[in-house]
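Each remark here refers to the structure printed beneath this line.
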Amino acid sequence: MTEESRTFGYLCPECGKAVIASRDPFTLAASDAAIECDCGGAVLRTRYDGVRYHITVPCGLCGGTHTAVCPPERMLRGATALACAKTGQFSCFIGPAGTVEQKMKELSILAEKERQDGGENAFVDNVIMYEILSELKDIASRPDGITCQCGCRQWKMRVRRSAVDLICPDCGGRLRIPAATDRDLDDLCCHMKLTIPRAKA
Ligand SMILES: [Zn+2]
Ligand SMILES: [Zn+2]
Ligand SMILES: [Zn+2]
């Protein structure tokens with residue numbers, strides 16, 4: 001019997017790394033599997049009770065641990081994904097190596113994005129950020145106060161920890177306004193208008 005080996009992938013909640021490892025189906029049926037992150041901070045476990053597989057997965061999205069029960073068809077064939085109960089996103093993948101690697105790449109990008117969003121309210125300097133945002137409001141209230149080189153007069157704002165990005169919805173051009181020090185504020189105050197550089201095609 002030659003069965004394709006199964007690849008498991010999850011994000012380590014401790015260090016944020018993608019943990020990917022393979023086990024052959026025979027081993028999965030014969031003994032419990034433990035797939036540990038290099039950092040030692042997380043381990044995925046599988047247990048076969050003779051009927052179904054019980055899987056315990058550390059979750060890189062919510063930081064918790066989830067358990068799932070899978071019949072052998074689902075565990076040993078095709079590709080399957082386990083969802084995080086808190087975020088509703090898939091946080092663990094089981095399947096052929098290529099599929100799991102691809103899915104893990106997407107998951108890493110998603111997790112990175114959520115980390116950045118989560119940090120949105122933690123500014124390097126709250127007072128400076130507040131001043132920068134109100135100055136931007138003043139600039140935006142002037143006729144053509146904020147425009148893009150491409151001719152677009154609309155813009156979107158993204159607030160980061162130490163900067164504000166003005167983004168052109170048309171061409172994707174981006175102007176980063178540092179918002180961490182007094183000097184950043186002085187710099188912004190010299191501008192009557194702001195121009196977003198056109199995104200390079
Ligand atoms: Zn780790
Ligand atoms: Zn979760
Ligand atoms: Zn533009």
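Only the coordinates and a few stated rules stand behind these numbers; no lab work does. Note that this is a predicted model, so its numbers are computed, not measured. FYI the Cβ positions are ideal-geometry reconstructions off the backbone, even for glycines, and counts take in every protein chain you see.
Some points to look at:
- Under 19 Å from LYS193, Cα to Cα: lysines that are on another chain or at least 8 residues apart: LYS137, LYS156
- Each part reduced to its alpha carbon centroid, region 49-91 and region 27-42 end up 14 Å apart.
- Cα gyration tensor, region 95-201 - rounded (a/c under 1.5), prolate or oblate: oblate
- Whether region 6-118 is rounded, prolate or oblate, judged on the alpha carbon gyration tensor where a/c under 1.5 counts as rounded: prolate
- Pairwise alpha-carbon distances in the chain exceed 31 Å for 43% of all pairs.
- Highest-MSF residue in the chain out of GLN116, GLN89, GLN149 [GNM, Cα springs under 10 Å]: GLN149
- Applying a length cut-off of 18 Å (Cα extent along the axis) and a mean Kyte-Doolittle floor of -0.5 to the DSSP H helices of the chain leaves 126-141.
- A dipole drawn for region 113-177 from +1 and -1 charges on Cβ atoms has a positive end, and of CYS152, VAL127, ILE139 the residue lying farthest that way is CYS152.
- Put a dot 7 Å past the Cα of GLN102, heading toward its Cβ, do the same for ARG174, and the two dots end up 2.6 nm apart.
- Taking Cβ separations below 4.7 Å as the criterion for a possible disulfide partner, the isolated cysteines in the chain are CYS59, CYS62, CYS70, CYS84, CYS92, CYS189, CYS190.
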